[in-house]
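Visitor: The following block contains the structure, expressed as structure tokens.
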Amino acid sequence: MYLKRNTDSAIMETIDSYEGKPNNSPVPFAEFWQPGRIVSLWEMITQIILVQVAHAYEMAGVIERTLEQALDDPSKEDQRAQIPERVVKIRNELGTLSSFAIETALATLSNVSKDSSNDGRRLTLKAAREVHTLVRYKLLESACFVLPDHATMFFEERIVHESIRTHLPKCIYDLEEAGKCLALARNTASVYHSMCALEPLLNWLALETARLGSVYAPEQTLSKTWGEILSKLEKEVKTLDTAHKDPAKKAELRRLGDLCAHMRSVKTAWRDDTMHAKGQFTDEIASNILIQCRAMIQYVADQISGRP
């Protein structure tokens, strides 16, 4: 694939000159250009979207230049007969990218091109310029946001492992939002969603302590702050650890105690400042926070999946 600059515009014409394309089946434009979807340059080329649009723009430009030359060189007048055929090609290349204004301009161009009078030639040139301009404006309406290479994985849903989807589905939304915010350089927003993704773990901790004999009801976590919940859970875990003699249960309680300690560290280091609009984070810090929060959620999901 190579690029050739148009002589009369800043739009690059994409020329399809490569072989062995992995997938050259065109995708409907409305589906291909769906907001929030990542599209690589390679995918754009192999799906022929850029090629089709570039060809439509170039054909409109060819018609315009030919008509301009015909005003001074009568020998080129016979090329006017090709305009209706080229109009059909432009319409086909644009496909769903076309609009009512473009279709109207194309119809006008096709009709006035049949008039060989001086007025007809001028009207045909005017219509050709309108088509060329409208296609360019339509191209300008679709914008691309460039993501750094390392940000792509955060934007996509690959950051949420299958065990999390199965055992902790309430964490999925905020984990994915944290990834998207990080990819788009909204670092503090990413940390906010990372903190929200951890909240279902508080309820899980309450359920686990209740299973091991705590009187602290899980529903009590709904109206409490992180500090209140963690203080109560830490107290319950210590009380149960003292009361239990079963080594297996004591090992479970130690794991719960460790997770409570991690959650408190997160609260102190990041959550308080984020939730009270005091913190601002760099992309490196936000990335590390997301990775660590996901690791905590993954740990709990693995604990659930490994239980008989």
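The values are calculated or read from the model by the stated rules, or taken from the named source; none is laboratory data. Not measured: the values here are computed from a predicted model. As a convention, Cβ positions derive from the backbone with ideal geometry for all residues, glycine included, and neighbour counts pool all protein chains shown.
Visitor: Say we look at region 104-153 and pick out the residues that are outside any helix (DSSP H, G or I) and within 43 Å of the chain's Cα centre (by Cα); which of these is farthest from Thr66 (Cα to Cα)?
Guide: Start the filter on region 104-153 by keeping residues that are outside any helix (DSSP H, G or I), which leaves 113-117, 142-148.
After this cut, where a residue has to be within 43 Å of the chain's Cα centre (by Cα) as well, the list is 142-148.
Working: Ser142: 28, Ala143: 30, Cys144: 32, Phe145: 36, Val146: 37, Leu147: 40, Pro148: 42 Å.
Among those residues, the one meeting the criterion is Pro148.
Visitor: Taking the condition of being more than 16 Å from Thr274 (Cβ to Cβ) and either aromatic (Phe, Trp, Tyr) or touching a strand residue (DSSP E or B) at 6+ places or on another chain (Cβ under 9 Å) (or both), how many residues in region 177-209 meet it?
Guide: Residues meeting the conditions: 1.
Visitor: Ok, one more. For residues in region 41-70 being of a type in the set (Asp, Glu) and within 14 Å of Val135 (Cβ to Cβ), which is modelled with the lowest pLDDT? Write out each step before concluding.
Guide: From region 41-70, those of a type in the set (Asp, Glu) are 43, 58, 64, 68; that's our starting set.
So of that shortlist, the ones also within 14 Å of Val135 (Cβ to Cβ) come out as 58, 64.
Numbers: Glu58: 79, Glu64: 82.
Ranking the candidates gives Glu58 first.
Visitor: Inspect region 201-214 for any residue being at pLDDT below 90, of a type in the set (Ser, Thr, Tyr) and assigned to a loop (DSSP other than H, G, I, E, B) and give the result as yes or no.
Guide: yes
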